[in-house]
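Below is one structure; the comments refer to it alone.
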Amino acid sequence: MGKCIGVLTAGGDSPGLNAAIRAIGKSALNSYNMQVIGFRDGFRGLMENRTVQLQSDTLSGILTLGGTILGTSRDKPHKMPVGSKMQDMTEVMLDNYHRHHLEGLICIGGGGTQKNALRLAQAGMNIITLPKTIDNDVAQTDITFGFDTALSIATDAIDRLHSTAHSHHRIIVVEIMGHKAGWLGLGAGMASGADVILIPEIPYDVNLVAEAIRRRRHRGKNFSIVAVSEGALAKDDEQLFTELQAKKKKAKENSDEKKLKKVLDSLSQFKAVQKKNTLLLSSKLETLTGLESRLTILGHLQRGGTPSAADRILATRLGTKAVEAIAKQQYGNMVAVSGESTKLVPLKEVAGQRKIIPLDHPWIHSAIETGTCLGEEISLHDIM
Ligand code: F6P
């Protein structure tokens, strides 16, 4: 056997991870005569040296499985909970990396993983990453795997909510994942014909949302579907959040511990209230429109189960490219999707960035043209 490479999956799981692991394993074994070691539970397994040898039998039959056979975690190399403390365990990971004489390590994950992988690359490991997340918010790639499957699940769920909203003449507010980006919310909202779509990129005015629902009622439509991304904020809240962030930055710059503690307290209070954001929105809409309203939070359903055909293909393409990049020693890169093709993007250009929906994106254009309320008075003129 030739060289040995490692692979780990980190961050929230997403459909297509096993397809990527399979592609990495099979192409390494079949095309490059390389051995593959999987680390369990993300960066934690690399620290604890918990491994599994990925051989033909381990890789067989996993293409269609949801989740990740390796397990995952949100642990970060430089801030790992060890005992009761957070510790920088990068050196321990580096030792384990060398213990297995790895030629390179493939880290599969979302935005957080790209940052952590860059840290490991800077510590001396040969790193290649793949972009996966249902949020589709990794910078420098057209798409991440997991997104297509989650989009179908969320769309199907909203389709089902339509008939019950219609029968009961209700508003149904449906909360969709996506972290601080609106790709999943906007995509699922558009695909299911939601009447209102609220996304983090466009802070909303609840009065405009209520007005749109009342207008529908005047046209004889006594029900409405309001698709809300989990990160969407009302305008006032967005302003408050921006102010708190600015105060936090200033307190840090001035090393003002007292002020910093106060701001951090306010921020955590703000976040606690925001967790109930969609519940509050639902009850406000009830008051403002006189229609009954119900809230459905789709939650982790959107991340579970078998990947779509598109995600299986994408994960397979990216997985084989990652192994090729290691064989060519093109380290320190993420394998990104660019149109019909793939390309390598330096991790430095990916880490710490978030791909949100630009206001002039064609999806937003079409949503406006089809009369969807986006919670703000935006005209095509404003965004073009
Ligand atoms: O990043 C994927 C994601 O599902 C986000 O959409 C969501 O905000 C987050 O993970 C939830 O994380 P957890 O599974 O750790 O609660």
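The values are calculated or read from the model by the stated rules, or taken from the named source; none is laboratory data. Everything numeric in this text was worked out from a predicted model, so none of it was measured. Neighbour counts run over all protein chains shown; Cβ positions are idealised from the backbone, glycine included. Accessible surface areas use protein heavy atoms only, side chains included; no ligands, DNA or RNA. Shrake-Rupley method; radii C 1.70, N 1.55, O 1.52, S 1.80 Å.
Residues that are surrounded by 20 or more Cβ atoms within 10 Å (Cβ to Cβ) and either among the aliphatic types (A, V, I, L, M) or at pLDDT below 95 (or both): find the strands (runs of 3 or more DSSP E) completely inside region 52-152 holding 3 or more of those.
Those strands (runs of 3 or more DSSP E) span 102-109, 127-131.
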Single residue of region 216-239 satisfying the filter (without any contact (Cβ under 8 Å) to a residue 60 or more places away in the chain and among the polar types (S, T, N, Q)) that is farthest from Ala154 (Cα to Cα)
Gln239
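Each row is one residue, and each column tells you yes or no for (1) open to solvent by less than 30 Å² (accessible area, probe 1.4 Å); (2) polar (S, T, N, Q); (3) in contact with a strand residue (DSSP E or B) (Cβ under 6 Å, 6 or more places away or on another chain).
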{"residue": "Leu318", "(1), (2), (3)": "yes, no, yes"}
{"residue": "Asn333", "(1), (2), (3)": "yes, yes, yes"}
{"residue": "Leu344", "(1), (2), (3)": "no, no, yes"}
{"residue": "Arg354", "(1), (2), (3)": "no, no, no"}
{"residue": "Ile364", "(1), (2), (3)": "yes, no, no"}
For region 261-298, name all the residues that are in contact with an Asp or Glu (Cβ under 8 Å, 6 or more places away or on another chain) and small (Gly, Ala, Ser).
Ser293
Pairs needed: first member in region 125-146, within 14 Å of Arg312 (Cα to Cα) and more than 10 Å from the ligand (Cβ to nearest atom); second member anywhere, modelled with pLDDT of 95 or more and of a type in the set (Asp, Glu); C-beta distance under 7 Å; at least 6 residues apart or different chains.
Phe145/Asp311
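Name the single residue that is farthest from the ligand (Cβ to nearest atom) among those in region 172-186 being in a helix (DSSP H, G or I) and in contact with a strand residue (DSSP E or B) (Cβ under 7 Å, 6 or more places away or on another chain). Show your work before the answer.
Residues of region 172-186 in a helix (DSSP H, G or I): 183-186.
Checking which are in contact with a strand residue (DSSP E or B) (Cβ under 7 Å, 6 or more places away or on another chain) leaves us with 184-186.
Values: Leu184: 7, Gly185: 10, Leu186: 14 Å.
Taking the candidates together, the pick is Leu186.
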Being of a type outside the set (D, E, K, R), modelled with pLDDT of 95 or more and farther than 17 Å from Ile176 by Cα, is that true of even one residue in region 272-279?
no
Can you find a residue that is among the aromatic types (Phe, Trp, Tyr) and touching a helix residue (DSSP H, G or I) at 6+ places or on another chain (Cβ under 6 Å) anywhere in region 191-206?
no
Could you identify the single residue in Gly182, Gly187, Gly220 that is more than 19 Å from the chain's Cα centre (by Cα) and either in the same structural domain as Ala367 (by TED's automatic domain parsing) or more than 16 Å from Cys373 (Cβ to Cβ) (or both)?
Gly220
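Within 29 Å of Glu292 (Cα to Cα) and assigned to a loop (DSSP other than H, G, I, E, B), is that true of Ala212? Quick ask: steps written out before the conclusion?
Details: within 29 Å of Glu292 (Cα to Cα): yes; assigned to a loop (DSSP other than H, G, I, E, B): no.
Against the criterion (within 29 Å of Glu292 (Cα to Cα) and assigned to a loop (DSSP other than H, G, I, E, B)), Ala212 does not qualify.
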Checking the structure you have, find out if any residue of region 190-209 is within 16 Å of the ligand (Cβ to nearest atom), assigned to a helix (DSSP H, G or I) and in contact with a strand residue (DSSP E or B) (Cβ under 9 Å, 6 or more places away or on another chain).
no
Can you tell me how many residues in region 153-179 are surrounded by fewer than 23 Cβ atoms within 10 Å (Cβ to Cβ) and at positive phi?
2
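Every residue, every condition in (1) of a type outside the set (D, E, K, R); (2) without any contact (Cβ under 8 Å) to a residue 40 or more places away in the chain, yes or no:
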{"site": "Asp13", "(1), (2)": "no, no"}
{"site": "Ala28", "(1), (2)": "yes, no"}
{"site": "Gln35", "(1), (2)": "yes, yes"}
{"site": "Glu48", "(1), (2)": "no, yes"}
{"site": "Asp57", "(1), (2)": "no, yes"}
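Residue check: is Ala322 under 30 Å from Leu161 (Cα atoms) and among the small types (Gly, Ala, Ser)?
no
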What is the one condition in (1) touching a residue at least 24 places away in the same chain (Cβ under 8 Å); (2) open to solvent by less than 40 Å² (accessible area, probe 1.4 Å) that Ala251 does not satisfy?
(1)
Can we say Asp41 is within 16 Å of the ligand (Cβ to nearest atom), without any contact (Cβ under 8 Å) to a residue 40 or more places away in the chain and in a loop (DSSP other than H, G, I, E, B)?
yes
Conditions first: (1) within 16 Å of the ligand (Cβ to nearest atom); (2) of a type in the set (S, T, N, Q); (3) outside any loop (DSSP other than H, G, I, E, B); (4) farther than 22 Å from Glu349 by Cα. Asn30 passes all but one, so which condition is the exception?
(1)
Can you name the residue in region 269-311 that is touching a residue at least 40 places away in the same chain (Cβ under 8 Å) and of a type in the set (Val, Ile, Thr) and is also farthest from the ligand (Cβ to nearest atom) among such residues?
Thr289
